[in-house]
Every structure is written in structure tokens, then in C-alpha cells.
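Novice: My questions all concern the structure below.
The values are calculated or read from the model by the stated rules, or taken from the named source; none is laboratory data. This structure is a prediction, so every number in the text was calculated from the model and none was measured. What goes into the accessible areas is simple: the full protein's heavy atoms, side chains included, and nothing from ligands, DNA or RNA. Shrake-Rupley method; radii C 1.70, N 1.55, O 1.52, S 1.80 Å.
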Amino acid sequence: MTPHPLDPVDAAWFHMDGPVNTAVVTALATSRRRLDVAALRAVLDDRLAAIDRFRCRVVERGLSYDSPCWEPMEDFDIHQHVHHRALPLHADESDLLDLVSDLASQPLPSTLPLWQAHVVDGPGERGALVFRYHHCIGDGLAMMTVASRSDERATRAA
């Protein structure tokens, strides 16, 4: 895959990003039990491999403001995007929400494809997945399509 320009709507979302408005969508899914990090990495690696922009970073090309491009990352590594975290032993729902709030306020690293997932152990014996992606990658409907693909490994990861 060669570098190619973002379409105008995605470029607009990319340029809306800033310190006050990160233009990053943050989603939280909870589970009654902890998630299998390795299985989840495998599911995400497989599902997102078919969608180029999850393996591309955004770079500015030329002097024009409307010139961001998707640039493939030849050395893409799923481990740079899927992080494992554990809440303190006696954490509760408010601790999980505090973590989500902290993550939501952080920009995504501009040197990598603009998404990340945080697998969280807790609160208690439960688990959670915090998925973050820049709006230039897709909107909520597009991400629901990706998330709803049937996959046996996804069931095992949960």
C-alpha cells in the first residue's frame, strides 16, 4: 500500500484535533470477568488488518493545509496499540470511570496509527476494554460495524 490522501471529511476531522478538543472517540465495554489480553490482541490484529487506516499513521504532505495522507507503517506492531492495565485491588466502578476519564483527556501519539485499546483488570473480578480512536479513522457507526463482526476468538477473549 502506498501513501494516499485522507478524504476531505477525514482531513477536516484530523485538523479539528487540538489540546482542547482531541477529536478522539473513547468507548468503554465492560465484562463480568477479566479479558484474555493475548486473545483480544489476536482478534484486533485480525479484524483491523483488513482496514488500512488502522495500520497507517497520518502525515502532512506538502505545504497545503488540506494535505494529510495515510502512510502505511511497515513495522506495525499490535503491542504498541493494545495495553494491559490493572486497577488497584479494592477499586470500584468510580475508579474505572476515573481511568477512562484520564485516558479520554490524552491525545493519541501522532507517530503511530491513531488508535489504542486498553484492557483493564477490575474492578473486582470484572474486566473492561477502553477503545480509543481518532475520528478521522471512522465514526461510531463504522466502528460498530467493525466490532460486530462475528469471530469465535472474540467470544473466547471476553
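Novice: Mind checking the full-extension length gain between S101 and H83? Use 0.36 nm per residue of separation minus the Cα-Cα distance, one decimal, nm. Show your work: numbers first, answer last.
Specialist: On the way: separation 18, 0.36 × 18 = 6.48 nm, distance 1.62 nm.
Computed gain between S101 and H83 is 4.9 nm.
Novice: Run the 1.4 Å probe and let me know the accessible area of E125, rounded to the nearest 10 Å².
Specialist: So the heavy atoms of E125 present about 140 Å² to solvent.
Novice: Could I get the Rg over Rh figure for the chain? Both from C-alpha atoms, Rh via Kirkwood, rounded to two places.
Specialist: 0.99
Novice: Using just the helices of the chain, give the 222 nm mean residue ellipticity in deg cm²/dmol: DSSP H runs with n ≥ 4 each add -39,500 (n - 2.57), and the total is spread over all residues, rounded to 500.
Specialist: So the helix-based figure for the chain works out to -9000 deg cm²/dmol.
Novice: Right, here's the next one. Any chance you could run the full-extension gain for M144 through M16? It's 0.36 nm times the residue separation minus the Cα-Cα distance, nm to one decimal. Kindly include the intermediate steps, with their values, before the conclusion.
Specialist: Values: separation 128, 0.36 × 128 = 46.08 nm, distance 2.26 nm.
Extra length from M144 to M16 when fully extended: 43.8 nm.
Novice: Amide H neighbours of H84 under 5 Å, at least 5 residues apart or on other chains, H built in the peptide plane: list them.
Specialist: Placed amide hydrogens put V119 under 5 Å from H84.
Novice: Same structure, new question: For a quick check, take a GNM of the chain with Cα springs below 10 Å and name the residue from R34, R61, R132 with the largest mean-square fluctuation.
Specialist: Judging by the Gaussian network model, the answer is R61.
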